[in-house]
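Reviewing the structure listed below.
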Amino acid sequence: MSETSKFSLGRTLLLGIWGLFCLAPIIFFATIALRPRNEIIAPRPIYFPTISIETWAKIWAEWPIMTYFMNSVIAVSGSVLICLVLGIPAAYSLARYRYKGREDIGFYILSTKMMAPAAVAIPIFFLFRALGLLDTVWALMLVYAAMNLSIVVWIIRSYMIDIPHEIEDAARTDGASDLRILWSIIIPMCMPGIITAGVIAAIFAMNEYLFTLIIATKQAYPLSVALANFSGGSDGIIYNAIALVAFLAFFPALLLVILIQNHLSRGLTMGAVKG
Amino acid sequence: MRKAFPYLLVAPAVIYLLAITLYPGIFAVWRSFYAGRFQLNFVGFEQYIDLFHDEAFWHSLSNTLIIGGITLTIEFVIALGLAALVYRDPLVKGWRILFLLPMLFMPSAVAFLWKLLFNDGRVISDLFMRIGLVDSNIDFMGSTWAARSVLIVTDVWQWTPFLFIIFVAALQGQDKEIEEAARLDGARWRQVFFSISLPMMRPVIAIALVLRGIDILTMFASPHIITQGAPAGDTETVSYFIYRTGFKSFEFGYASAASVIVLILTIVLAQLFVRRFFKSGRD
């Protein structure tokens, strides 16, 4: 056996072990979603349960899961829209103009990403209470947008920087205004960046837990916090409903990520790592 | 007008962020001078002094650093190892999708999954018993390091892919020919990786660790759902401390004082680490 092929076997084995570690809990979780309640918590764990769609129907009837799902959809998509409307012009400004204070403004925007959610949770709670927006999807939408705006600006900015100046210069000599250039040249040319930013902002918003926990107290439950309330007196924590909701959020996220898989590293590092 | 244009473009985003970050900062400072749940009494710096004498607060800070440091180290080593093994593999896209699956679940769902595996469903204990490591169920909330391990495993499972994806991209972006030239000169795979590929990806590693580090230091969902600080506050993170004093005990003034301290720490850390790695302009 040559050195390379021996190495390759060990390599595949190591990768396989990690792959199994990733996958096994997910498969177990999937069986949790479809097993009856008495087979979830048993004296010894049951690895091959009775899988029944009836469990699913029962959960569906018991909890307004569709409402939670729609709350998530509205809050998340609204926040992404706000991020793009505010973020695209800001990214354009940072990427394309030279002016005093640009570095500081860019850094300020970035630094909002570094804020610990817990450190601003109390003021945010009082702010939305004063506005009468507690327990509404609107408050969630505004918070998610604020949380993701920095990422969106920085990702899109990185894609805008890559567009050659010559194209704009040509349009400018033809008499196009700066806004016109942004709308009909820059935005179409950095569409992959805009989509990447949107997808990452959507997934982060979908995942958000701490702000959501203090803002949504019943009516506005999105999926991330709704599942934490699936417990009923003597039943304890209702894990099959939690698992079902977990997968309900997982599949859209998976589709979105496959769509942007080649831009993922660039998106996750806010444009700092291309590839 | 021309000079103002770039400012006008960036202004809406900045105003929005100021409204939702500067305002909370000011509010937290103001509120930290007042005690009381509903009737506010001005107490000056008293709550800061109390905070500095509060064992639980210091404990939560040290927990955050200890748990965070270990978690980040483990995630870094595994992600770098996996990335090194996979980046020249023809099936790299397949491995990447497989490895990133945990990242696509909501952290609250992942917390419940591992709560079930470790505590309520006793799956981990059962697996350990089957391979003969232990004879009886382990109470993972019973000892400091068992409980901390639960939080560490949960985070490592979900977030190692974050670093892995970035490292793979960085390695793929490197010039293949340098590697091949070194291989032709008789360098072993290990030598090529440690003396050529790894040094070249240092800036990427720095950025990835800063981003992941920030997230780990604000860890909240898993302590809130799985451990709630048990045992004896040994798994209470700073985020959970603020949440507990604010939203469980309703000591908003006291929690605000803690928030201000955390905000100051964040600003210092951001200035130290983040500013160096990100530049706005083309140059």
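The values are calculated or read from the model by the stated rules, or taken from the named source; none is laboratory data. The structure displayed is predicted, hence computed values, not measured ones. A quick note on method: Cβ atoms are made from the backbone with ideal geometry, for glycine too, and the neighbour counts reach across all protein chains shown.
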Looking at region A:163-176, which of its residues are part of a loop (DSSP other than H, G, I, E, B), under 26 Å from A:Ala272 (Cα atoms) and free of Cβ contacts under 8 Å to residues at least 12 places away in the same chain? A:Pro164
With the requirement that a residue be part of a loop (DSSP other than H, G, I, E, B) and either within 22 Å of the chain's Cα centre (by Cα) or away from every other protein chain (no Cβ under 11 Å) (or both), what does region B:248-257 give you? B:Ser249
Within region B:13-23, can one find any residue that is of a type in the set (S, T, N, Q) and under 25 Å from A:Val85 (Cα atoms)? yes
Specify which of the listed residues (A:Phe251, A:Phe247) is exposed (fewer than 15 other Cβ atoms within 10 Å of the Cβ) and either more than 7 Å from chain B (Cβ to nearest Cβ) or over 23 Å from the mean Cα position of the chain (by Cα) (or both). A:Phe251
The lone exception for B:Leu198 - which of (1) away from chain A (no Cβ under 13 Å); (2) among the aliphatic types (A, V, I, L, M); (3) under 30 Å from B:Leu113 (Cβ atoms) it fails: (3)
Does B:Glu177 fit the bill of being of a type in the set (Asp, Glu) and in contact with a Gly (Cβ under 8 Å, 6 or more places away or on another chain)? no
Just to be sure before I move on: is B:Pro6 modelled with pLDDT of 95 or more and at the interface with chain A (Cβ under 9 Å from one of its Cβ atoms) in the structure I sent? no
Hey, among B:Arg31, B:Arg37, which residue is at the interface with chain A (Cβ under 10 Å from one of its Cβ atoms) and under 23 Å from B:Tyr243 (Cα atoms)? B:Arg31
So, B:Tyr16, is that one surrounded by 19 or more Cβ atoms within 10 Å (Cβ to Cβ), without any contact (Cβ under 8 Å) to a residue 12 or more places away in the chain and assigned to a helix (DSSP H, G or I) or not? yes
When you go through (1) surrounded by 18 or more Cβ atoms within 10 Å (Cβ to Cβ); (2) of a type in the set (Asp, Glu); (3) part of a helix (DSSP H, G or I) one by one for B:Glu177, which number turns out not to apply? (1)
Would it be correct to say that B:Leu127 is at negative phi, at pLDDT 90 or above and surrounded by fewer than 18 Cβ atoms within 10 Å (Cβ to Cβ)? yes
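Quick grid of which residues meet (1) more than 9 Å from chain B (Cβ to nearest Cβ); (2) among the β-branched types (Val, Ile, Thr):
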position	(1), (2)
A:Met189	yes, no
A:Pro192	yes, no
A:Thr196	yes, yes
A:Gln261	no, no
Pairs needed: first member in region B:158-174, closer than 10 Å to B:Leu82 by Cα; second member anywhere, surrounded by fewer than 24 Cβ atoms within 10 Å (Cβ to Cβ) and of a type in the set (Ser, Thr, Tyr); C-beta distance under 9 Å; at least 6 residues apart or different chains. B:Phe167/B:Tyr87; B:Val168/B:Tyr87
Is at least one residue of region A:52-71 under 30 Å from A:Leu268 (Cβ atoms) and facing another protein chain (nearest Cβ under 9 Å)? no
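For every residue, the table says whether it meets (1) surrounded by 17 or more Cβ atoms within 10 Å (Cβ to Cβ); (2) out of contact with any helix residue (DSSP H, G or I) (no Cβ under 6 Å at 6 or more places or on another chain); (3) modelled with pLDDT under 90; (4) not basic (Lys, Arg).
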position	(1), (2), (3), (4)
B:Val192	yes, no, yes, yes
B:Pro199	no, yes, no, yes
B:Thr227	yes, no, no, yes
B:Ala232	no, yes, yes, yes
Taking region B:227-247 as the region of interest, how many residues are within 11 Å of another protein chain (Cβ to nearest Cβ) and either farther than 25 Å from A:Met206 by Cβ or of a type in the set (Val, Ile, Thr) (or both)? 6
